[in-house]
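The values are calculated or read from the model by the stated rules, or taken from the named source; none is laboratory data. Small disclaimer: the values here were computed from a predicted structure and weren't measured. Please note: Cβ atoms are built from the backbone with ideal geometry, for glycine as well, and neighbour counts cover all protein chains shown.
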Amino acid sequence: MSRMVNCVVLKVEAEGMDYAPYPGELGQRIYENVSRQAWQQWLGHQTMLINEYRLTPIEPEARKFLEGEMEKFFFGEGVARPEGYVPEG
């Protein structure tokens, strides 16, 4: 049976993840409060941020930026798309 969480993003009870998807305290909070579906939404948003801002995720400044955006995405005021962003399709 899958582990269920009260997802802070979807605002419903949904299937949780099998392990913390990120290290440290933030990863633990995500594990306890974010569903698999919401994590997938974050991964899509993160990819868009990396592409639009031309980030190199191995650089410490880029990682710090992405971690801050992750915190806002799940537990803060939400996130906005980069200025001038036009979705494909």
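Can you pull out every residue in the range 19-43 that is over 14 Å from the mean Cα position of the chain (by Cα) and hydrophobic (A, V, I, L, M, F, W, C)?
None; the set is empty.
Which residues, taken from the range 44-62, are surrounded by 11 or more Cβ atoms within 10 Å (Cβ to Cβ) and either in a helix (DSSP H, G or I) or under 9 Å from the mean Cα position of the chain (by Cα) (or both)?
HIS45, GLN46, MET48, LEU49, ILE50, ASN51, GLU52, TYR53, ALA62
Which one is farthest from LYS72 (Cα to Cα) among residues in the range 17-37 that are charged (D, E, K, R) and touching a residue at least 24 places away in the same chain (Cβ under 8 Å)?
Restricting to residues being charged (D, E, K, R) and touching a residue at least 24 places away in the same chain (Cβ under 8 Å), the top hit is GLU32.
What pairs come out if I take residues in the range 38-66 that are of a type in the set (Asp, Glu) and pair them with residues that are part of a loop (DSSP other than H, G, I, E, B) and at pLDDT 95 or above whose C-beta lies under 6 Å away, six or more apart or interchain?
Within 6 Å, no pair qualifies.
Considering only the range 34-50, state which residues are out of contact with any Gly (no Cβ under 8 Å at 6 or more places or on another chain) and among the polar types (S, T, N, Q).
GLN37, GLN40, GLN41, GLN46, THR47
Sort through VAL86, VAL79 and tell me the only one that's exposed (fewer than 10 other Cβ atoms within 10 Å of the Cβ) and either on the phi > 0 side of the Ramachandran plot or modelled with pLDDT under 95 (or both).
VAL86
State yes or no: is GLY16 over 13 Å from the mean Cα position of the chain (by Cα), of a type in the set (Gly, Ala, Ser) and crowded, with 16+ Cβ neighbours inside 10 Å?
Against the criterion (over 13 Å from the mean Cα position of the chain (by Cα), of a type in the set (Gly, Ala, Ser) and crowded, with 16+ Cβ neighbours inside 10 Å), GLY16 qualifies.
Condition first: part of a loop (DSSP other than H, G, I, E, B) and either more than 17 Å from GLY68 (Cβ to Cβ) or among the acidic types (Asp, Glu) (or both). Now tell me which residues in the range 13-43 satisfy that.
Scanning the range 13-43 gives MET17, ASP18, TYR19, ALA20.
Can you run down the residue pairs with Cβ atoms below 7 Å, 6 or more apart or on separate chains, where the first is in the range 1-16 and closer than 14 Å to PHE75 by Cβ and the partner is in a loop (DSSP other than H, G, I, E, B)?
Once the first residue is closer than 14 Å to PHE75 by Cβ and sits in the range 1-16, its partners that are in a loop (DSSP other than H, G, I, E, B) give VAL5/VAL34; CYS7/VAL34; VAL8/VAL34; VAL9/VAL34.
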